[in-house]
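S.K.: Mind looking over this structure? Questions follow.
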Amino acid sequence: MRIEDLAAPGVQRLKAYDPGYDPDTIRRMLGRDRLVELGSNENGFGPSPRVLELLRAQDFGDAIRYPDAGARQLKVAIAARTGHDPAGITLGNGSHELLVLIAETFVAPGDEVVFPQHGFAVFKLAAIGSGGTPVEVPALPRTDAMPLGADPVAMAAALGPRTKLVYLANPNNPTGTWWDRETLAGFLRQVPEHAVVVIDEAYREYVDEALVPDALSLRELHPHLVVTRTFSKAHGLAALRVGYALSSPALAQVLERTRLTFNANLYAQRAATAAIGDTAHLDHVRAANATQRDELIAGMQRLGLRTFPTQGNFVLVEFGRPAKPIEEALLQRGVLVRPMGGYGLPDCLRITVGLPDEHAVLFAALAEVLEELR
Ligand SMILES: *Cc1c(COP(=O)(O)O)cnc(C)c1O
């Protein structure tokens, strides 16, 4: 008997999440010390100096003790920043864990999980892994004003009596696309009460607030709304693994039954608490990202490439040909970007906004590669 056949039915149908390249492995393979890492939407502008100072000051004597399972201080800090009731906050080992935890907690075989085509990859994996039925809703066409974005009409039409869970990232990774307030509000009103609706706001800190609504401000429109956010992106703490979900206290209590008790480690809790309090640093990151994002888009356009609208710290770029060879040739030059074949966009690459010197290397390498592969 094959071991795969012993796995739960959902797990048998599952493929492991593709985390992209491990930079250390690539450094060794290429014999280079320095890479330009624009493949994982990390924050090249760095975390708050307060966080770095706090981490350096740790003596780690308390590493022998379990952390606070309730993460009280961090929840108080998140509550202060968001205005949300601490009893409705659930912490995760990254928001990735929360996205999966929500499916494991609410989805049973036969339940449908609705999410958009080109939506964040974890949505489909969580749907399948939990034994549910994935309902992948076709995205808007490339010719739309919000090209490749989630189609609000089709998303609403996909809702039904078996819908248990809905996922939407706003803005979405990898497309960068978003729904405005009216669109999101109109959709939330149509989600049945027997479903949980997750709005993934991993890039919330980067958005133009006049264009992208804070889903929390629409919480009255659905009783089972969950908003997920993370310290991995704008806060610059991807390695520490902290994300959080904002919901009703009742929904948080149900998640508490399945959450791994100590999933947010002690140093991650401390670092995240310091990070969320440093609003000046976040303002700096937001402004630097906006400037550099414009620069990245302009650079791609100078090379004759189409870019899609984005509210994140990344840009989806269309090459008009299979993009995998381009990605591989960039990798050989020490530049990491993300191929999009797995998202059904094999002619595109997703490129994270970087520092000016990183862009200079990227633009030169890409010009060379495009010339070579012509
Ligand atoms: C990066 C990302 C996440 C998860 O990040 P964590 O590091 O697990 O918090 C979640 N959703 C989207 C859309 C992302 O791009």
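S.K.: Only helical DSSP H runs with n ≥ 4 go in: add -39500 (n - 2.57) per run for the chain, normalise by residue count and round the 222 nm mean residue ellipticity to 500 deg cm²/dmol.
M.R.: -11500 deg cm²/dmol
S.K.: Taking 25 Å as R0, compute the FRET efficiency from the Cβ-Cβ separation of Arg302 and Asp347 and round it to 0.05.
M.R.: After rounding, the FRET efficiency stands at 0.85.
S.K.: Can you list the residues, at least 5 places off or on another chain, whose amide H is less than 5 Å from the amide H of Asn41, using H built in the peptide plane?
M.R.: Correct list: Thr352.
S.K.: Where a Cα-Cα gap under 25 Å defines reach, which lysines qualify for Lys124, not counting those fewer than 8 residues away within the same chain?
M.R.: Counting by Cα, and skipping residues close in sequence, Lys124 has these lysines nearby: Lys15, Lys164, Lys233, Lys324.
S.K.: Label Phe262 and Gln58 with points 7 Å out from Cα along Cα→Cβ: what is the distance between them in nm?
M.R.: 1.4 nm
S.K.: Still on this structure, I have one more. Diagonalise the Cα gyration tensor of the stretch 203-339 and give the resulting equivalent ellipsoid semi-axes, square root of 5 times each eigenvalue, largest first, whole Å.
M.R.: 33, 19, 17
S.K.: Amide H to amide H under 5 Å from Val36: which residues, 5+ apart in sequence or cross-chain, H placed 1.01 Å off N in plane?
M.R.: When sequence neighbours closer than 5 places are left aside, the close amide H contacts are Val335, Leu336.
S.K.: Within 10 Å of each residue's Cβ, count the other Cβ atoms and sort Tyr244, Tyr66 from fewest upward.
M.R.: Ranked by crowding around the Cβ, least crowded first: Tyr66, Tyr244.
S.K.: Once amide H atoms are placed 1.01 Å from N in the peptide plane, what residues at a sequence separation of 5 or more from Val196, or on another chain, have their amide H within under 5 Å of its amide H?
M.R.: Leu165, Val166
S.K.: Taking the Cβ-Cβ separation of Ala87 and Glu372 as r and a Förster radius of 56 Å, what is the calculated FRET efficiency to the nearest 0.05?
M.R.: The value I calculate is 0.45.
S.K.: Tell me, what does the Kirkwood hydrodynamic radius of the stretch 50-278 come to in angstroms if you use every pair of distinct C-alpha atoms?
M.R.: After inverting the mean inverse Cα-Cα distance, the result is 18.0 Å.
S.K.: Here is a further query. Can you work out the Karplus-derived ³J(HN,Hα) for every residue in the stretch 24-30? Use 6.51 cos²θ - 1.76 cosθ + 1.60 with θ = phi - 60°, whole Hz, and x for glycine or proline.
M.R.: 4, 5, 5, 4, 5, 4, 8
S.K.: Spelling out what I want: for every residue of the stretch 141-149, take phi, set θ = phi - 60°, compute 6.51 cos²θ - 1.76 cosθ + 1.60 (Karplus), and round to whole Hz; glycine and proline get x.
M.R.: My calculation for the stretch 141-149 gives x, 5, 7, 5, 4, 10, x, 6, x Hz in order.
S.K.: Which FRET efficiency value, to the nearest 0.05, do you get for Asp357 and Thr279 by plugging their Cβ-Cβ distance into 1/(1 + (r/R0)^6) with R0 = 25 Å?
M.R.: Efficiency, from the Cβ-Cβ distance: 0.35.
S.K.: Per residue of the stretch 306-312, in order, report the coupling 6.51 cos²θ - 1.76 cosθ + 1.60 (Karplus, θ = phi - 60°) as ³J(HN,Hα) in whole Hz, putting x for Gly and Pro.
M.R.: Running phi through 6.51 cos²θ - 1.76 cosθ + 1.60 with θ = phi - 60° gives 7, 10, 9, x, 9, 10, x Hz.
S.K.: Which whole-angstrom value gives the distance between the alpha carbon centres of the stretch 302-374 and the stretch 204-282?
M.R.: Computed from Cα coordinates, the inter-centre distance equals 30 Å.
Rule-based calculations on the coordinates, nothing more; no lab input. Since we're looking at a predicted model, the values are computed, not measured. We place every Cβ from the backbone using ideal geometry, glycine too, and count neighbours over all the protein chains shown.
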